[in-house]
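Enquirer: Quick one: the structure is below, questions incoming.
The values are calculated or read from the model by the stated rules, or taken from the named source; none is laboratory data. These numbers were taken from a predicted model, which means no experiment stands behind them. Every residue, glycine as well, gets a Cβ built from its backbone with ideal geometry; the counts of neighbours run over all protein chains shown.
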Amino acid sequence: MLFFLVAFVAFQVNAKYLKANLYTEELSAKSEKKASTDYPFLNNFGRAGELAALELKLILRHKRSRSSVIMGFMFLCYGFFFYRMPLIAGNEFGKMLFAAVFMTGIFISVYGQFMYAWQSSYFDGLLANKVDLKDFIKGKFLLFTISSTMITILSSFYGLMSYKLLLLHLAAYLYNIGVGTVVVLYFANFNYKRLDITSSASFNWQGVGATQWLLGLPLLLVPMLIYIPFGLINQPYLGLGVLALLGLVGLLMRNYWVDVIVKKLEEQRYKIAEGFRE
């Protein structure tokens, strides 16, 4: 119950933040209401919810993006290769943390590594139209948070092995939505490689560059580096607490990070658009 309670509180913090930063005139504009009608839940988040709904349609309609969703469900069983009863009994979370971070943040890492290349075919149109970049980034945050929350809830069956795995997943989940999402969207400003979303993802290296490889460091390795000192002094739960705290701080500071990412996107948008035209 504690796991679900904290996950629910984290999601509510994110929802409260989004609602506090919406424009009332956008909520009342009749001409813009239809965009997210296929996903009524997203209507509650205004313009950011509409943009998230449009991107969700993009994901489900194209081969390469759809494969990132399928991969998220496939890797739900990834923990069985890492979670062993001796490790769980000995509170050796450091040896299981990689799997937890990877599973709860699989959509963030797999889909997010090609941000904003998913929109490369019409990125010029986004710049030309009256799309508020803040709403654009908020929509990304919303999509990442919802997907990570769903996958984390689905992976809660590992709690049948031990409640300790629920705590492990909770810490990894909070880190992913609070820190991982920020890292992915910031690094996206340095991705200039065009992507064909209609092609298959199998053995397809289009759009892959140095940015994608660098993303693996903060997303997967940094949480392990943060945890290691606590594991060495035999304070495993304190280590998980620090990871969870970093994630919560990231959530509370999301308004600040949106401004930072938007400012960087404004600086890089023409370079990105030029790269996507090639």
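Enquirer: So, of the residues in the range 44-76 that are within 16 Å of A117 (Cβ to Cβ) and polar (S, T, N, Q), which turns out to be surrounded by the fewest Cβ atoms within 10 Å (Cβ to Cβ)?
Expert: S67
Enquirer: Just name the residue that is surrounded by the fewest Cβ atoms within 10 Å (Cβ to Cβ) out of those in the range 245-278 that are in contact with a Gly (Cβ under 9 Å, 6 or more places away or on another chain) and of a type in the set (G, A, S).
Expert: My answer is G250.
Enquirer: Would the range 36-52 turn up any residue that is of a type in the set (G, A, S), more than 28 Å from D132 (Cβ to Cβ) and at pLDDT 80 or above?
Expert: no
Enquirer: Just one of (1) more than 18 Å from L56 (Cα to Cα); (2) modelled with pLDDT under 90 trips up I153, so point out which.
Expert: Of (1) more than 18 Å from L56 (Cα to Cα); (2) modelled with pLDDT under 90, only one is false for I153: (2).
Enquirer: Counting residues that are under 21 Å from L221 (Cβ atoms), free of Cβ contacts under 8 Å to residues at least 24 places away in the same chain and more than 20 Å from the chain's Cα centre (by Cα), which helices (runs of 4 or more DSSP H) fully inside the range 60-168 reach at least 1?
Expert: Fully inside the range 60-168 and qualifying: 85-89.
Enquirer: If we scan the range 108-122, do we find a residue that is surrounded by 23 or more Cβ atoms within 10 Å (Cβ to Cβ), in contact with a helix residue (DSSP H, G or I) (Cβ under 7 Å, 6 or more places away or on another chain) and either at pLDDT 90 or above or more than 27 Å from F276 (Cβ to Cβ) (or both)?
Expert: No, every residue in the range 108-122 fails to be surrounded by 23 or more Cβ atoms within 10 Å (Cβ to Cβ), in contact with a helix residue (DSSP H, G or I) (Cβ under 7 Å, 6 or more places away or on another chain) and either at pLDDT 90 or above or more than 27 Å from F276 (Cβ to Cβ) (or both).
Enquirer: Let me confirm something: among E50, E92, which residue is among the acidic types (D, E) and touching a Ser or Thr at 6+ places or on another chain (Cβ under 6 Å)?
Expert: Exactly one residue qualifies, and that residue is E50.
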